[in-house]
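The values are calculated or read from the model by the stated rules, or taken from the named source; none is laboratory data. Keep in mind the model is a prediction, meaning the values are calculated, not measured. FYI the Cβ positions are ideal-geometry reconstructions off the backbone, even for glycines, and counts take in every protein chain you see.
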Amino acid sequence: MLFAVQERRLKTYLVQLARGPARGKWAFPGGLVRRGELLDDAARRELRASTGLGQCYLEQLFSFGDPSRDPDAHVVSVAYMALIADPGRVSRPSPKYAAGGWFELLKLPPLAYDHALMAAYALRRLKSKLEYSNIAYTLLPRMFTFAELEELYARILDRPIDRRNFRRRILAMDLLRPLRETRRGPHRPAALYTFARQTLQMIEML
């Protein structure tokens, strides 16, 4: 499952299935693990084939194995969550799919199999991880304003942010590094920041 922020909304990348009992329905891209292949390697291979993405944040989420989830066979799916800052990095999906595109996570079309459950699980994980890690670095460009960071949290957590308290706590944890550059706007130039670490870091609960 691939996620990104686009047009100020959290979106996920779906593919339209071209064959099988769910032909024509939208789903998360995926595939079979090859003999002797590690799960993480299989996930990265399928992500690359479906989106053209090479390196990006990728995390194993959960296993979905209800016997009734696939009418053709008892298939166990191990779901992964991938996060990127630039949705434009995604290229045309593998020819095994009819189409691919970005959809707002809270306005998804009917999904094949149990993929709606996967989407809900991934959103819960992302919300949780925002509160105890610096995972926001995967969804923001290298340089961003503090207002953009606040908005990212508010959009994904789906609740208002106490701006003063949020700013105080984030800065106190040394998660960000202020930059010399500023961004021009209609008013005074906005200060720009970058994450101090571009790898996952656990933090005190926000």
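Against the condition surrounded by 15 or more Cβ atoms within 10 Å (Cβ to Cβ), within 19 Å of Ala4 (Cα to Cα) and within 22 Å of the chain's Cα centre (by Cα), how does Thr199 come out, does it pass?
So Thr199 does not fit the description; no.
Just checking, which of Ser50, Ser63 is part of a strand (DSSP E or B), at pLDDT below 95 and over 16 Å from Ala116 (Cβ atoms)?
Ser63
So Phe103 passes all but one of these: (1) under 13 Å from the mean Cα position of the chain (by Cα); (2) of a type outside the set (S, T, N, Q); (3) surrounded by fewer than 14 Cβ atoms within 10 Å (Cβ to Cβ). Which condition number does it fail?
(3)
Can Ala49 be described as touching a helix residue (DSSP H, G or I) at 6+ places or on another chain (Cβ under 6 Å) and within 21 Å of Thr12 (Cβ to Cβ)?
For Ala49, the condition - touching a helix residue (DSSP H, G or I) at 6+ places or on another chain (Cβ under 6 Å) and within 21 Å of Thr12 (Cβ to Cβ) - is not met.
On the basis of being touching a Gly at 6+ places or on another chain (Cβ under 9 Å) and either closer than 11 Å to Tyr13 by Cβ or at pLDDT 95 or above (or both), does Ala43 make the cut?
It is true that Ala43 is touching a Gly at 6+ places or on another chain (Cβ under 9 Å) and either closer than 11 Å to Tyr13 by Cβ or at pLDDT 95 or above (or both).
Quick check, is Asp174 charged (D, E, K, R) and over 26 Å from Tyr121 (Cα atoms)?
Yes: the conditions hold for Asp174.
Filter region 54-87 down to the residues that are surrounded by fewer than 16 Cβ atoms within 10 Å (Cβ to Cβ) and hydroxyl-bearing (Ser, Thr, Tyr), then identify the one that is nearest to Glu37 (Cα to Cα).
Checking each candidate, the answer is Ser63.
Return the total of residues in region 1-18 being in a loop (DSSP other than H, G, I, E, B), touching a residue at least 40 places away in the same chain (Cβ under 8 Å) and either surrounded by 18 or more Cβ atoms within 10 Å (Cβ to Cβ) or in contact with a strand residue (DSSP E or B) (Cβ under 9 Å, 6 or more places away or on another chain) (or both).
Residues flagged as in a loop (DSSP other than H, G, I, E, B), touching a residue at least 40 places away in the same chain (Cβ under 8 Å) and either surrounded by 18 or more Cβ atoms within 10 Å (Cβ to Cβ) or in contact with a strand residue (DSSP E or B) (Cβ under 9 Å, 6 or more places away or on another chain) (or both) within region 1-18 amount to 2.
Looking only at region 7-21, decide whether some residue is polar (S, T, N, Q) and closer than 30 Å to Ala154 by Cβ.
Yes, region 7-21 contains at least one residue that is polar (S, T, N, Q) and closer than 30 Å to Ala154 by Cβ.
Among all residue pairs at least 6 apart or on different chains, which show Cβ distances below 9 Å where the first residue, located in region 44-60, is under 10 Å from Ala82 (Cβ atoms) and the second is among the acidic types (Asp, Glu) and assigned to a helix (DSSP H, G or I)?
Taking only residues 6 or more apart or on different chains, the pairs are Leu58/Asp40.
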